[in-house]
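J.: Take a look at the following structure, please.
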Amino acid sequence: MHQRSSVAELTKELRKELDRYSSGGKLPSSRALVERFRVSPVTVSRALGQLAAEGLVVTRPGAGAFRADRPPHAGQAPAGDTSWQEVALSVDGSADLVPRSVDASGVLVSLAAPPPGVIEFNGGYLHPSLQPERAMAAALARAGRRPGAWGRPPMEGLPELREWFARGIGGAITAAEVLITAGGQSALTTTLRALAPPGAPVLVESPTYPGMLAIARAAGLRPVPVPVDADGVRPALLADAFRASGARLFVCQPLFQNPTGAVLAPERRGEVLRIAREAGAFVVEDDFVRRLVHEDAGPLPAPLAADDPDGVVVHVCSLTKATSPSFRVSALAARGPVVERLRAIQVVDTFFVPRPLQEAALELVGSPAWPRHLRAVAGELRARRDAVTTGLRQHLPALALPHIPSGGYHLWPRLPDGTDESALAAAALRAGVAVTPGRPYFSAEPPAPHLRLSFAGVAGTGEIAEGVRRLAAACAEVLPLS
């Protein structure tokens, strides 16, 4: 059984037994719990820690764990009246040109854990078995012993970590042009706030990552879609969108785009930069999965920022996707006066990324375990991608796969015309597999129904085969399959 499941189950059992003890009563020793429930000492420690966090037990070093005193009238606090907030929140943006819309639903799809027994085809992070947990733990332990590791870091980030990111981006980017941020989502939020005033249009790929659309709308910006095909964003339509909207910002994912998996074609790279430069606009390059290349991929194109001497590109990259959702270390790189504006917004929002996490990132990427981890993930992602594509072709031929990427962690099958995406997602969940409808990936009316299927959050190819079987059962209920 996985460690996290064991902790949850033991916590549940101990919570049910607490009524046997009076306030201050001592619980069995950790050794007794280990023997009784046949779990590890670490599992017992984490379960007791969870109960302590809930205020149900008190742990005393050297003495054991005790039933916490019950607060008087527990659970009987007055409900209060929060109805006033409906008025306060609705008038907050009433004067905005584009009212702010804070909708986290598109992000929560990939963050929320599915119910027990449901296969996760909608996740946005590596399965725990693919995460470098031992290497991260060792890096964090070494980082904690570094001199000054718990002091305040430079606002821009540790110089050594900025230098490491600058080398990875390439071109003329230097450490002085890199800011360390707390994850890619935070970096994108900082960038959009810095570069576009409320009410402004922002050009986005269509389809695109729902979390980016949520950032734009929460900032009062107006997303304007620019269609993507198998070779990335279409330059002619990008130029048309700049002229029609007057936008000064374009957000894109040139490498293994989410959700299509497209890679911006070599002949389009220069065109995109030229079009943006002529429009006096910035290109925000979200390079989110460069470290999740598949084993059979050829040489990767350099980031757009590496070919940009004029400071058109603001580059975002992160370690999170290749490690763990909790390892939130990323970089924001730009050239020219815009760096100071980005820095000012970041400092106001978050001050700085905690130094122990930055030190741990340096320890991790500098260790022999890092390249071994990336090679192992490349092989696993290729095997999982192939397992999904093979399963779909065998059991769901009605789902078209026009593009199979050699990087990233998802596929973008097109559904038959007229398919109700929401009904299919609901049927799939009833069948025991969680999938993501395509509608949230479009800022305007979608041209066709789609699903996004992630293969990063599953346990392995065996679980993928079972997930495809369950999805086929759901499709038989919703789609007119022959």
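FYI, it's all coordinate maths here, none of it is from the lab. Please read all numbers here as calculations on a predicted model, not as lab measurements. Every residue, glycine as well, gets a Cβ built from its backbone with ideal geometry; the counts of neighbours run over all protein chains shown.
J.: Kindly write out, for the range 123-130 in residue order, the coupling ³J(HN,Hα) from the Karplus curve 6.51 cos²θ - 1.76 cosθ + 1.60 (θ = phi - 60°), rounded to whole Hz, with x marking Gly and Pro.
T.: Karplus-based 3J(HN,Hα) across the range 123-130 equals x, x, 9, 5, 4, x, 5, 9 Hz.
J.: Let me ask another. Taking amide hydrogens as modeled 1.01 Å from N in the peptide plane, which residues meet the under 5 Å criterion relative to VAL329, leaving out close sequence neighbours?
T.: Those qualifying (amide H under 5 Å, at least 5 residues apart or on another chain) are GLY183, LEU319, THR320.
J.: Please work out the Cα center distance from the range 17-43 to the range 306-325, rounded to the nearest Å.
T.: Their Cα centres are 48 Å away from one another.
J.: Name the shape class, rounded, prolate or oblate, that the alpha-carbon gyration tensor gives for the range 121-169, where a ≥ b ≥ c are the square roots of its eigenvalues, rounded holds for a/c under 1.5, and otherwise prolate holds if a/b is larger than b/c and oblate otherwise. Could you put the intermediate results ahead of the total?
T.: On the way: a/c = 2.48, a/b = 1.48, b/c = 1.68.
Oblate shape, in that a/c is at least 1.5 and b/c is the bigger or equal ratio.
J.: Taking the Cα centre of the chain as the origin, how large is its charge dipole in debye, to the nearest 20, when only Lys and Arg (+1) and Asp and Glu (-1) carry charge on their Cβ atoms?
T.: Dipole about the Cα centre, nearest 20: 1580 debye.
J.: What is the pair-distance distribution P(r) of the range 261-378, computed from all Cα-Cα distances in 10 Å bins starting at 0, with each bin given as a whole percent?
T.: The percentages, shortest bin first, are 11, 35, 34, 19, 1.
J.: Here is a further query. Label the range 190-263 by shape, choosing from rounded, prolate and oblate, from the square roots a ≥ b ≥ c of the eigenvalues of the Cα gyration tensor; if a/c is under 1.5 it is rounded, and otherwise prolate applies when a/b is larger than b/c, oblate when it is not.
T.: Working: a/c = 2.30, a/b = 1.35, b/c = 1.71.
Judged from the Cα gyration tensor, the range 190-263 comes out oblate (a/c at least 1.5, b/c at or above a/b).
J.: Show me, for the range 319-329, the HN-Hα J-couplings you get by feeding each phi into the Karplus relation (A = 6.51, B = -1.76, C = 1.60, θ = phi - 60°), rounded to Hz, glycine and proline as x.
T.: Calculated HN-Hα couplings, in order: 8, 4, 4, 8, 10, 7, x, 8, 8, 8, 10 Hz.
J.: Here's another thing I want to ask about it. Rounded to whole Hz and in sequence order, give me ³J(HN,Hα) for the range 406-416 from the Karplus expression 6.51 cos²θ - 1.76 cosθ + 1.60, θ = phi - 60°, writing x for Gly and Pro.
T.: Taking θ as phi minus 60°, the curve returns 10, x, x, 9, 8, 10, 10, x, 8, 8, x Hz for the range 406-416.
J.: Something else about it: Order of CYS317, CYS475 from fewest to most other C-beta atoms within 10 Å? Don't skip to the answer; put the middle values down first.
T.: Values: CYS317 26, CYS475 23.
The most exposed by this proxy come first: CYS475, CYS317.
J.: On average over all directions, what projected area in square nanometres does the range 133-365 have, based on the convex hull of its Cα atoms?
T.: Working: hull surface 48.6 nm².
Computed as one quarter of the Cα hull surface, the answer is 12.1 nm².
J.: Looking at the chain only, what percent of DSSP beta bridges run antiparallel? Nearest 5 please.
T.: Working: 22 of 41 bridges.
Once the DSSP bridges in the chain are tallied, antiparallel ones form about 55 percent.
J.: Which whole-number percent is the relative contact order of the chain (Cα, under 8 Å, 6+ apart)? Numbers along the way, then the final one.
T.: On the way: 840 pairs, mean separation 88.5, N = 482.
So the answer I get is 18 percent.
J.: So what is the 222 nm mean residue ellipticity for the chain from helices alone, if each DSSP H run of at least 4 adds -39500 (n - 2.57) and you divide by all residues, rounding to the nearest 500 deg cm²/dmol?
T.: -13000 deg cm²/dmol
J.: Rounded to whole Å and sorted largest first, list the principal axis extents of the Cα atoms in the chain.
T.: 74, 63, 56
J.: Among VAL433, VAL478, which comes first, second and so on when ranked by fewest other beta-carbon atoms within 10 Å?
T.: Values: VAL433 27, VAL478 18.
Result, fewest neighbours first: VAL478, VAL433.
J.: Can you give the % of DSSP beta bridges in the range 133-365 that are antiparallel, to the nearest 5? Spell out each step's value before the answer.
T.: Values: 10 of 27 bridges.
That works out to approximately 35 percent antiparallel.
J.: Sticking with this structure for a sec: On a C-alpha basis, how far is the centre of the range 185-258 from the centre of the range 352-369 in Å? Whole number, if you could?
T.: Between the Cα centres of the range 185-258 and the range 352-369 lies a distance of 31 Å.
J.: Which residues' amide hydrogens lie under 5 Å from the amide hydrogen of GLY407, considering only partners 5 or more residues apart or on another chain, with H built in the peptide plane?
T.: HIS294
J.: While we're on this one: Percent antiparallel among DSSP beta bridges with both residues in the range 264-342, to the nearest 5?
T.: Details: 4 of 9 bridges.
Roughly 45 percent of the beta bridges in the range 264-342 run antiparallel, per DSSP.
J.: Something else: Which cross-chain or sequence-distant (5 or more) residues have an amide H under 5 Å from the amide H of VAL284, H modelled 1.01 Å from N in plane?
T.: Distant-sequence amide H within range of VAL284: PHE250, VAL251, CYS252, VAL314.
J.: Under a point-charge model restricted to the Cβ atoms of Lys and Arg (+1) and Asp and Glu (-1), what is the dipole moment magnitude of the range 133-365 relative to its Cα centre, in debye to the nearest 20?
T.: Numbers: 25 positive and 24 negative charges, 149 e Å.
Charge dipole of the range 133-365: 720 debye, to the nearest 20.
J.: Taking a cut-off of 15 Å, what percent of all Cα-Cα pairs in the range 5-72 are separated by more than that?
T.: Values: 1055 of 2278 pairs.
Roughly 46 percent, rounded to a whole number.
J.: Now, a different point. State to the nearest 20 debye the size of the charge dipole of the range 172-266 about its Cα centre, where the only charges are +1 on K and R beta carbons and -1 on D and E beta carbons. Walk me through the intermediate numbers first.
T.: On the way: 6 positive and 5 negative charges, 70 e Å.
Around 340 debye, computed over the range 172-266.
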